[in-house]
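The values are calculated or read from the model by the stated rules, or taken from the named source; none is laboratory data. Source: prediction; values computed, not measured. Neighbour counts run over all protein chains shown; Cβ positions are idealised from the backbone, glycine included. Each accessible area value is taken on the protein alone, full model and side chains, heavy atoms only, with ligands, DNA and RNA left out. Shrake-Rupley method; radii C 1.70, N 1.55, O 1.52, S 1.80 Å.
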Amino acid sequence: MVMHMTTTPEQKKRLLKAKIAVALRDETGHVPSKEKVEEVFLLAMVMYKAVLGLHYKRKEQKKQGQLAIF
């Protein structure tokens, strides 16, 4: 019997924040504040949308034969 665990969006956010905290600790040598983790998390989400969002949109436009404007 195979059981699949599904993660909620909230759990995924918490996991990403934990990974960010560990990476910041490794880079800086000290435990980051909650505010710093939140700041980096927000920047990561913005960059994800900026980079992958544009890539996805261009791919969809190309499929539909639209002229990409960016």
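Only Lys, Arg, Asp and Glu carry charge here, each on its Cβ (+1 for the first two, -1 for the last two); on that basis the chain has a dipole of about 360 debye about its Cα centre.
Only helices enter this figure: runs of n ≥ 4 DSSP H residues, each worth -39500 (n - 2.57), summed and divided by the residues of the chain, yield -26000 deg cm²/dmol at 222 nm to the nearest 500. For K17, K12, the ranking by accessible surface with the largest value first comes to K12, K17, using a 1.4 Å probe. Counting only lysines at least 8 places from K34 when in the same chain, those with an alpha carbon closer than 18 Å to its own are K12, K13, K17, K19. Can you match log10 I(q)/I(0) by the Debye sum over Cα atoms at q = 0.14, 0.19, 0.20, 0.24 Å⁻¹ to one of these, (i) -0.66, -0.83, -0.86, -1.00; (ii) -0.39, -0.73, -0.80, -1.12; (iii) -0.44, -0.74, -0.80, -1.04, based on a calculation from the structure here? Answer by label: (i).
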